[in-house]
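Here is the structure we will look at, set down as structure tokens.
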Amino acid sequence: MTDRSPVIRVTAMPADTNPYGGVFGGWLMSQMALGAGSLASREGQGKAVVVSATDFAFPGAMQVGDELSVYCEIAATGNTSLTITAEAIARTRNGEAETKVAQGTFKFVLLDEDNRPRAVDAAALSAND
């Protein structure tokens with residue numbers, strides 16, 4: 001694992017499971033959306049709403065009690081949008097073993113105070129790098 005900081009870190013609980021006892025993929029996606037949204041709002045310096053979620057894969061599984069870390073980065077910038085990739089990594093509760101459990105891409109549109117799309121401030125994004 002490279003040296004990077006997660007935007008979300010949370011422990012999977014029993015309420016986060018599917019009917020088969022594994023951690024529900026929808027819960028993983030929601031944690032990834034929260035992380036990506038946090039990055040979009042911070043980098044976009046304001047309100048950002050998700051307009052699409054694509055390219056999801058679930059290459060691994062996690063168990064209740066495992067710690068989930070979500071890592072996000074801006075993959076592309078449009079006129080009013082940010083495309084953000086998210087990667088979810090599970091770490092076993094009682095050790096250091098890590099497994100990639102999900103990955104996907106979110107597109108966010110930045111909104112102004114009237115909830116209308118607003119331009120991405122490329123200068124502000126560059127200043128945050």
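The values are calculated or read from the model by the stated rules, or taken from the named source; none is laboratory data. Bear in mind the structure is a predicted one, so any value in this text is a computation, not a measurement. Heads up, the Cβs are rebuilt from the backbone with ideal geometry, glycines too, and the neighbour counts pull from every protein chain shown. Calculation scope for accessible area: heavy atoms of the full protein, side chains included, ligands and nucleic acids excluded. Shrake-Rupley method; radii C 1.70, N 1.55, O 1.52, S 1.80 Å.
Quick check: at a probe of 1.4 Å, how many percent of the accessible area of the chain sits on carbon and sulfur atoms?
Roughly 49 percent of what the probe reaches on the chain is carbon or sulfur.
Relative contact order (percent) for the range 39-105, with alpha-carbon contacts under 8 angstrom and 6 or more residues of separation?
Reported relative contact order: 35 percent.
Arranged from highest to lowest average of other beta-carbon atoms within 10 Å per residue, in what order do the peptides 5-12, 82-89 appear?
The packing order, highest mean first, is 82-89, 5-12.
Among [x] 50, 29, 24; [y] 71, 32, 24; [z] 44, 32, 22, which one is Cα extents along the principal axes in Å computed from these coordinates?
[z]
About the Cα centre of the range 8-126, what is the dipole size in debye to 20, counting +1 per Lys and Arg Cβ and -1 per Asp and Glu Cβ, all else neutral?
The dipole of the range 8-126 has a size of about 100 debye.
Counting only heavy atoms of the protein chains, get the accessible area per residue of the range 50-129 (1.4 Å probe) and round it to a whole Å² value.
Spelled out: the 1.4 Å probe surface of the range 50-129, per residue, equals 55 Å².
Hey, if you put +1 on the Cβ of every Lys and Arg and -1 on every Asp and Glu Cβ in the chain, which of ALA12, THR83, LEU111 ends up farthest toward the positive end of that dipole?
It is ALA12.
Take every Cα pair under 8 Å in the range 8-126 that's 6+ residues apart, average their separations, divide by the length, and report that relative contact order as a whole percent.
So the answer I get is 30 percent.
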